[in-house]
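Visitor: My questions all concern the structure below.
Taken together, the values in this text are just the output of simple stated rules run on the coordinates, not laboratory data. Here the structure is a predicted model, which is why all the values come from computation and not from measurement. Methodologically, a virtual Cβ is constructed for each residue, glycine included, from the backbone with ideal geometry; neighbour enumeration extends over all protein chains shown.
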Amino acid sequence: MEKNYSRVSLAGIFVVGLLLSLCLLLAGCQLGGSAGTSGGTGLQQATPASGIPALSSSNIQEVQEAVIAQVQPAVVRINVALSGNKGAIGSGDIIDSRGYIVTNNHVVSGAQKVQVVLFDGTTTPAQIVGTDPADDLAVVKISPPGNKLTTIPLGDSSKLAVGQVVLAIGNPLGITQTVTSGIISALNRNVTEGKGGPVLPNAIQTDAPINPGNSGGALVDLQGQLIGIPTLTAIDPEFNTPANGVGFAIPSNRVQFIASQIIQTGSVQHSGRAALGVQVTNVTAALQQQANLSVNHGAYVVAVVSGGPADKAGIKPGDVIVQVGSAVVTDVSSLQDALLKESPGATAAVKVYRGSQQMSFNVTLGELSVQG
């Protein structure tokens with residue numbers, strides 16, 4: 001059964017990190033019955049033989065065919081056995097010649113057993129190396145068979161452009177090695193996987209079709225580089241059905257940042273996300289009246305983490321945050337979007353209302369703790 005999330009309410013209290021209200025469908029496929037910021041990578045990528053011609057105005061089909069031929073052997077199907085005689089299907093990408101495969105965490109979450117089906121049909125057991133639920137990423141490992149594994153090189157997602165042609169490769173609905181095409185529709189989307197789900201910062205929006213089973217697969221450019229991990233499809237809240245042509249992928253720079261940590265240590269040590277160290281809620285008409293606030297918008301500080309960045313700077317419970325750096329804060333969501341633009345250790349000017357007085361604090365931001 002597909003994982004379907006309804007619209008997220010932002011009226012509750014959230015620990016400040018990240019959030020955007022969107023209706024989304026995870027692109028993993030569950031079935032009944034049996035079953036960044038980049039840094040040192042630590043990856044051992046094999047360099048595939050490049051047979052991709054230079055793109056011109058007259059050879060896009062030739063280029064696409066060459067990219068697919070080069071990349072498909074590095075994209076695998078992941079079969080997951082779950083409890084209760086259930087199973088799930090997803091996709092994965094071989095990013096390291098030692099047999100390391102990156103996929104979505106929601107593909108392998110709750111797995112009792114994991115199998116990988118290679119491009120040539122070989123089925124081999126896999127072990128989960130580590131997971132990062134906060135980024136919906138996971139790494140599994142297989143023992144490379146006799147022949148050398150084909151890996152997919154990671155591209156630089158910071159250099160992507162809206163309108164750029166991309167290909168999505170995976171196993172939608174369990175139909176193996178399916179390729180769809182489209183363009184990059186938008187960049188730097190901050191999306192959430194439903195109520196209580198993880199937030200994907202700076203996600204790539206694409207109109208290349210992403211369906212259940214595509215999760216963990218490859219979004220590639222016309223140089224044959226992995227530039228994103230297809231993860232989500234938007235849900236039309238009016239009809240509660242997938243929104244055609246509105247899908248999201250985790251950018252490759254974030255994948256590299258997280259996957260390299262998992263490969264090296266088995267877990268994520270650093271989130272790379274800025275944190276303010278407060279608990280906040282939206283300013284509503286009722287809250288404004290109850291707390292006698294002088295503003296009708298912003299993020300109301302419910303609690304401050306003792307010894308945290310906000311506490312050290314002098315921010316107190318009852319303050320209303322209205323700006324971080326140059327970003328105006330109107331509610332919890334916009335505060336979290338503002339923090340996504342900042343880096344741990346950076347100093348940000350945070351403007352608040354304390355009663356009727358506007359105050360500004362220079363806050364040295366901390367790092368969002370790694371959970372899960």
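Visitor: Gain in length, ALA327 to GLN72, computed as 0.36 nm per residue apart minus the alpha-carbon separation, to one decimal in nm?
Guide: Length gained between ALA327 and GLN72: 87.6 nm.
Visitor: With a 10 Å radius around each residue's Cβ, average the other Cβ atoms per peptide and rank 214-227, 301-314, highest first.
Guide: Descending mean neighbour count gives 214-227, 301-314.
Visitor: Fully extended, how many nm does the chain gain between ARG98 and VAL162 (0.36 nm per residue separation, minus their Cα-Cα distance)? Show your work: numbers first, answer last.
Guide: Numbers: separation 64, 0.36 × 64 = 23.04 nm, distance 3.39 nm.
Gain on extension, ARG98 to VAL162, equals 19.6 nm.
Visitor: Using +1 at the C-beta of Lys and Arg and -1 at the C-beta of Asp and Glu, which of SER56, ILE68, SER326 has the Cα lying farthest in the positive direction of the dipole of the chain?
Guide: The residue sitting farthest along the positive end of the dipole is SER326.
Visitor: Can you tell me how segment 274-367 classifies by the Cα gyration tensor, rounded, prolate or oblate, using a/c under 1.5 as the rounded cut?
Guide: prolate
Visitor: Also: Put a dot 7 Å past each Cα toward the Cβ at ALA346 and VAL295; how far apart are the dots in nm?
Guide: Here the answer is 2.0 nm between the modelled labels.
Visitor: To the nearest 20 debye, what is the magnitude of the charge dipole of segment 213-354 about its Cα centre, counting +1 on the Cβ of each Lys and Arg and -1 on the Cβ of each Asp and Glu?
Guide: Rounded to the nearest 20 debye, it is 460 debye.
Visitor: Work out the charge dipole of segment 274-367 with +1 on the Cβ of Lys and Arg and -1 on the Cβ of Asp and Glu about the Cα centre, then indicate which of GLY277, GLN290, ALA346 is farthest towards its positive end.
Guide: The residue sitting farthest along the positive end of the dipole is GLN290.
Visitor: How large is the dipole of segment 274-367 about the Cα centre if only Lys and Arg carry +1 and Asp and Glu carry -1, each at its Cβ, rounded to the nearest 20 debye?
Guide: Value, rounded to 20: 200 debye.
Visitor: Go through segment 151-168 residue by residue and turn each phi into a ³J(HN,Hα) via Karplus (6.51, -1.76, 1.60, θ = phi - 60°); whole Hz please, and just put x for glycine and proline.
Guide: Karplus values, whole Hz, x for Gly and Pro: 10, 10, x, 8, x, 9, 6, 6, 9, 6, 10, 4, x, 5, 6, 9, 10, 10.
Visitor: Can you compute the radius of gyration and Dmax for segment 127-276, using only the Cα atoms, both in Å?
Guide: Both quantities, over Cα of segment 127-276: 15.4, 51 Å.
Visitor: Starting from the 7 Å offset along Cα-to-Cβ, what nm value, one decimal, do you get for the label separation of SER181 and VAL302?
Guide: About 4.9 nm, to one decimal.
Visitor: Are any of the pairs LYS312/LYS351; LYS86/LYS141; LYS316/LYS341 more than 18 Å apart by Cα-Cα distance, and if so, which?
Guide: The pairs that break the limit, which is 18 Å between Cα atoms, are LYS86/LYS141; LYS316/LYS341.
Visitor: To the nearest 20 debye, what charge dipole does the chain have about its Cα centre, counting +1 at the Cβ of each Lys and Arg and -1 at the Cβ of each Asp and Glu?
Guide: Dipole of the chain, to the nearest 20 debye: 620 debye.
Visitor: Applying the Karplus parametrisation 6.51 cos²θ - 1.76 cosθ + 1.60 with θ = phi - 60° to the phi angles of segment 348-355, what ³J(HN,Hα) value in whole Hz is obtained for each residue in order, glycine and proline being reported as x?
Guide: 10, 7, 10, 9, 9, 9, 10, x
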